[in-house]
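The values are calculated or read from the model by the stated rules, or taken from the named source; none is laboratory data. These numbers were taken from a predicted model, which means no experiment stands behind them. Methodologically, a virtual Cβ is constructed for each residue, glycine included, from the backbone with ideal geometry; neighbour enumeration extends over all protein chains shown. Heads up: the accessible areas ignore ligands, DNA and RNA and are worked out on the full protein's heavy atoms, side chains in. Shrake-Rupley method; radii C 1.70, N 1.55, O 1.52, S 1.80 Å.
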Amino acid sequence: MSAAPRLSRRNLLAGGLGATALTALTGCGGGRASSAATTLNVWGGVPAESGPADVIAAFEEAYPEYTVNYTRFINDDRGNLKLDTALQGGVDIDVYITYPMKSLALRSGSGMGLDLTDRVETEPGFEPFLDTETPKAYWQDGRITALATARSRALILLNTAHLDAAGLEVPTEWTVEEFVAMSRELTTGERFGCYRLPDLPRLELGPNYWYTDSGDSNLSHPAFLEHMQLSRTMIDEGVLFPWTEVLARQLEVFQQNGFVAEEFSLWATEPYSLRYLYDPEEYPHDFTVAAAPMPTVGPDSWNGGPFGDFMMINPKSTKQDLAWEFIRFYIKEGPPYLAPGGRIPTLENVDDETVLTGLLGEDADEWFDVDSFRRVFFEDETELYVDTNLTAYPEIDLAYQQQRDVCWLGERSPQAAIDSIDSQAQAAIDRFGEQS
């Protein structure tokens with residue numbers, strides 16, 4: 001990668017770089033000398049102006065002998081393929097962030113993540129990453145290859161204007177049945193009640209929910225059929241957003257567009273989505289948004305949100321010590337800068353109000369019911385997950401998506417779809433075992 005002029009956060013914003021821009025940041029200004037040995041190349045999915053630019057500026061101030069290039073890739077299938085191709089093709093990448101579990105499985109399983117265990121063990125304050133009971137790192141064969149840097153607590157966002165019109169209150173605790181009932185009440189001839197259901201099997205089963213304790217496919221568990229069937233029913237009723245539109249408009253990647261346009265009232269999402277809702281120029285709207293906790297499926301319900309944003313070091317990097325210095329800084333000093341991008345730190349090393357201000361922006365009261373977000377993020381008890389079994393994960397994920405799509409399009413029954421997923425998952429697990 002060639003060096004580019006140094007860009008400040010102000011310059012990025014003034015330049016109007018959109019969410020899909022490929023952004024490179026370097027510290028070449030101010031007489032700073034740079035070379036391949038002193039320049040760190042970092043790839044991430046968050047727009048530079050939503051936190052990474054400020055973290056990099058702070059790092060370069062603390063370590064003036066180094067510069068950092070930040071390349072933004074879009075966190076979708078195409079963007080992740082671009083990163084995988086770059087890693088495999090020998091592009092100069094030192095540090096990168098992985099978001100989908102299928103990508104984590106592919107990259108760790110293909111040797112694209114440096115063993116970080118010894119560094120973590122000797123780093124003060126990093127003890128939570130060594131916890132294997134409630135893991136906040138990805139362990140492979142007893143070694144750490146990735147560190148989760150964000151608590152992506154799932155939540156329900158609600159259009160308060162729609163609630164008021166229907167005479168409904170913001171829930172402070174509720175069940176899936178109550179979520180479904182509210183979705184139906186909010187459905188009108190002009191809009192859908194919600195975008196899609198929360199992941200009901202995840203709420204019930206927690207981590208590694210695709211696998212039994214013995215490592216076989218768990219897709220025959222009744223929770224998966226219930227989720228597939230209820231979703232299909234609500235799509236047919238006109239309560240959930242039609243899956244034909246989701247696929248045609250790529251709403252799985254751009255869900256915020258439908259919410260801002262008031263095409264649906266309830267949105268099950270994660271904190272990263274909040275950055276769209278205090279940006280009235282890019283995402284114009286005139287309603288406020290409240291937060292509700294994820295609905296529960298029983299007393300031991302999981303939140304459905306993961307520990308995520310896994311930082312990894314490319315084993316091919318010739319600057320592994322510098323890469324580790326950046327990761328240390330990012331985790332310990334970066335959280336106040338990263339909150340505007342919807343990142344709540346894994347280590348909880350920043351006070352709640354600082355995080356909340358970063359998440360909701362400077363004019364929070366104009367766009368949000370702030371107290372509801374404070375309650376959901378910092379007062380409600382909940383369980384997040386990290387999957388530790390990623391056996392044949394990309395293959396199972398592909399099978400699930402394909403069968404889900406044909407089911408929700410009305411081309412296959414929920415039972416037939418689940419049976420097919422379960423069969424394909426077991427076959428993939430068996431093949432993986434034969435190759436090991």
Mind checking which residues of segment 219-230 are surrounded by 20 or more Cβ atoms within 10 Å (Cβ to Cβ) and either of a type in the set (S, T, N, Q) or in contact (Cβ under 8 Å) with a residue 60 or more places away in the chain (or both)? Leu219, Phe224, Met228
Got a number for residues in segment 202-217 being in a loop (DSSP other than H, G, I, E, B) and open to solvent by less than 30 Å² (accessible area, probe 1.4 Å)? 4
I'd like to verify a number: residues in segment 304-313 that are open to solvent by 10 Å² or more (accessible area, probe 1.4 Å) and assigned to a loop (DSSP other than H, G, I, E, B), how many? 1
Determine which single condition Pro280 fails, assuming it passes every other condition in (1) touching a strand residue (DSSP E or B) at 6+ places or on another chain (Cβ under 9 Å); (2) open to solvent by 10 Å² or more (accessible area, probe 1.4 Å). (1)
Find the residue count for segment 218-265, including only residues that are assigned to a helix (DSSP H, G or I) and aromatic (Phe, Trp, Tyr). 3
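Listed here are the residues, each with its yes/no results for (1) within 22 Å of the chain's Cα centre (by Cα); (2) surrounded by fewer than 17 Cβ atoms within 10 Å (Cβ to Cβ); (3) modelled with pLDDT of 90 or more.
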position	(1), (2), (3)
Gly113	yes, no, yes
Val120	no, no, yes
Pro124	no, yes, yes
Pro128	yes, no, yes
Thr132	yes, yes, no
Tyr138	yes, no, yes
Thr145	yes, no, yes
Thr149	yes, no, yes
Arg153	yes, no, no
Across (1) modelled with pLDDT of 95 or more; (2) part of a loop (DSSP other than H, G, I, E, B); (3) farther than 25 Å from Ser273 by Cα, Gly189 clears everything bar (1)
Which residues, taken from segment 283-297, are open to solvent by 30 Å² or more (accessible area, probe 1.4 Å), out of contact with any helix residue (DSSP H, G or I) (no Cβ under 6 Å at 6 or more places or on another chain) and assigned to a loop (DSSP other than H, G, I, E, B)? Pro284, Asp286
How about segment 155-180: which of its residues are part of a loop (DSSP other than H, G, I, E, B) and surrounded by 14 or more Cβ atoms within 10 Å (Cβ to Cβ)? Leu168, Val170, Pro171, Trp174
When you check Ala57 against the structure, is it of a type outside the set (Val, Ile, Thr), open to solvent by 20 Å² or more (accessible area, probe 1.4 Å), farther than 25 Å from Met101 by Cα and touching a helix residue (DSSP H, G or I) at 6+ places or on another chain (Cβ under 8 Å), yes or no? yes
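Per-residue answers, yes or no, for (1) in contact with a strand residue (DSSP E or B) (Cβ under 6 Å, 6 or more places away or on another chain); (2) over 24 Å from Pro271 (Cβ atoms); (3) among the small types (Gly, Ala, Ser):
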residue: Asp164; (1), (2), (3): no, yes, no
residue: Val176; (1), (2), (3): no, no, no
residue: Pro198; (1), (2), (3): yes, no, no
residue: Asp213; (1), (2), (3): no, yes, no
residue: Leu219; (1), (2), (3): no, yes, no
Tally up the residues in segment 227-248 that are among the basic types (Lys, Arg) and closer than 18 Å to Glu190 by Cα, please. 0
Identify the single condition in (1) open to solvent by 10 Å² or more (accessible area, probe 1.4 Å); (2) modelled with pLDDT of 95 or more that Thr71 does not satisfy, given that it satisfies every other one. (1)
Which members of segment 73-103 meet the condition of being among the β-branched types (Val, Ile, Thr) and either part of a helix (DSSP H, G or I) or at positive phi (or both)? Thr85
If I ask for residues that are in contact with a Lys or Arg (Cβ under 9 Å, 6 or more places away or on another chain), small (Gly, Ala, Ser) and not in a loop (DSSP other than H, G, I, E, B), which ones from segment 123-154 would you list? Ala146, Ala148, Ala150
Return a yes/no flag: does segment 367-383 have any residue that is open to solvent by less than 60 Å² (accessible area, probe 1.4 Å), over 25 Å from Trp174 (Cβ atoms), among the acidic types (Asp, Glu) and touching a residue at least 60 places away in the same chain (Cβ under 8 Å). no
Cβ-Cβ distance below 7 Å, separation of 6 or more or different chains: which pairs start in segment 241-269 with a residue that is more than 21 Å from Pro100 (Cα to Cα) and end on one that is surrounded by 15 or more Cβ atoms within 10 Å (Cβ to Cβ) and basic (Lys, Arg)? Phe241/Arg196; Glu262/Arg191; Glu263/Arg191; Phe264/Arg191; Ser265/Arg191
Would you check if Asp405 is touching a helix residue (DSSP H, G or I) at 6+ places or on another chain (Cβ under 9 Å) and open to solvent by 20 Å² or more (accessible area, probe 1.4 Å)? yes
Evaluate segment 167-186: report whether one residue or more is touching an Asp or Glu at 6+ places or on another chain (Cβ under 6 Å), closer than 30 Å to Asn389 by Cβ and among the polar types (S, T, N, Q). no
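Kindly evaluate Ala161 against the criterion of being farther than 30 Å from Leu356 by Cβ and among the aliphatic types (A, V, I, L, M).
When the stated conditions are applied, Ala161 does not pass them.
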